[in-house]
Amino acid sequence: MSKKLIMICIVLCLDLFLFVLIYEKNAGAGEVPVSTTFYENVVALTFDDGPHAVYTKELLDGLKKRGVVASFFILGEHIEGNEELIMQMKEDGHLIGNHTFSHLKLDTLNDSAACDEVRRTCEAIEGITGEPVEYIRPPYGAYNDELECMINLNKVLWTVDPQDWNTTNVDAIVNHVVKNVRDGDIILLHDIYSSSVAAALRIVDELKARGYIFVTVEDIMIN
């Protein structure tokens with residue numbers, strides 16, 4: 001083995017060693033860890049339809065306690081009065097995306113009405129965080145890709161859907177996700193139901209015990 005190749009190997013090993021030290025230090029301090037997309041078993045938790053004054057707060061506190069990041073797709077009509085929750089999402093390292101203003105199917109609206117749904121929510125979020133919105137989850141996964149207002153937004157769908165909106169059975173929600181999740185999956189949940197929040201935190205605990213690492217959808221889509 002050449003000296004050059006040996007030096008490259010040493011540098012890579014040192015880099016990984018330093019990363020692990022920093023990661024463990026942050027996790028031990030209760031801080032949200034940085035994304036680690038070069039690991040196997042990476043998944044993204046996503047939440048639609050919030051924020052909810054009670055349940056989103058409970059969820060955010062639970063995720064912070066566990067050192068986990070997630071992605072929140074916000075309904076514009078739920079922002080007023082919940083601005084502090086939006087800021088908590090930003091401060092805790094979560095991704096904040098657009099879920100339209102009033103949860104209408106974008107492909108059933110004319111271009112003007114559809115873009116109004118998108119723009120109003122982007123403007124409301126940006127007015128709180130001071131940062132542009134880059135991701136959107138169209139309600140029902142339906143949209144017109146030719147809409148001018150959608151061109152610069154990354155569209156996010158999902159790969160694991162326990163249909164938590166349709167049941168209050170926490171065990172059923174947890175079991176569906178844990179049974180079906182795979183590396184690189186995007187899990188769809190909603191932060192407007194008590195049962196969904198309880199299930200989400202159990203899912204985090206069970207998947208972390210199995211070696212999964214939680215990242216935002218940005219990390220999943222980049223890789």
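Remark: the stretch 152-163, residue by residue, has Karplus-estimated 3J(HN,Hα) of 8, 10, 7, 8, 10, 9, 7, 10, 10, 10, x, 6 Hz, where x stands for each Gly or Pro and the curve is 6.51 cos²θ - 1.76 cosθ + 1.60 at θ = phi - 60°. Net charge in the neighbourhood of Ala70 (other residues with Cβ under 10 Å of its Cβ; Lys, Arg +1, Asp, Glu -1) is -2. Per residue, the stretch 118-170 exposes 55 Å² of solvent-accessible protein surface, assessed with a 1.4 angstrom probe and all protein chains in place. Distances between placed amide hydrogens fall under 5 Å for Tyr135 paired with Asn98, Asn154, all partners being 5 or more residues away or on another chain. Across the stretch 54-62, rounded Karplus estimates of 3J(HN,Hα) from the backbone phi angles (6.51 cos²θ - 1.76 cosθ + 1.60, θ = phi - 60°) give 9, 6, 5, 4, 4, 5, 4, 5, x Hz, Gly and Pro being marked x.
When peptides 139-148, 122-131 are ranked by their average number of other Cβ atoms within 10 Å per residue, the highest-first order is 122-131, 139-148.
Annotation: average projected area of the stretch 75-186 is 8.2 square nanometres, based on the convex hull of Cα atoms across all directions. How large, in percent, is the carbon and sulfur part of the accessible surface of the stretch 182-223 at a probe radius of 1.4 Å? It is 47 percent, rounded to a whole number.
Measuring nothing but protein heavy atoms, the accessible surface of the stretch 41-127 at 1.4 Å probe radius is 45 percent carbon and sulfur.
Taking 17 Å as the straight-line reach from the Cα of Lys105, the aspartates and glutamates in range (excluding those fewer than 8 positions away in the same chain) are Asp48, Asp49, Glu77, Asp116, Glu117, Asp145, Glu146, Glu148.
The values are calculated or read from the model by the stated rules, or taken from the named source; none is laboratory data. The structure presented is a predicted model; accordingly, all values stated were derived computationally and were not measured. Cβ: placed from backbone, ideal geometry, glycine included. Neighbour counts: every protein chain shown. Note: accessible area is taken over every heavy atom of the protein model, side chains too, but ligands, DNA and RNA are not part of it. Shrake-Rupley method; radii C 1.70, N 1.55, O 1.52, S 1.80 Å.
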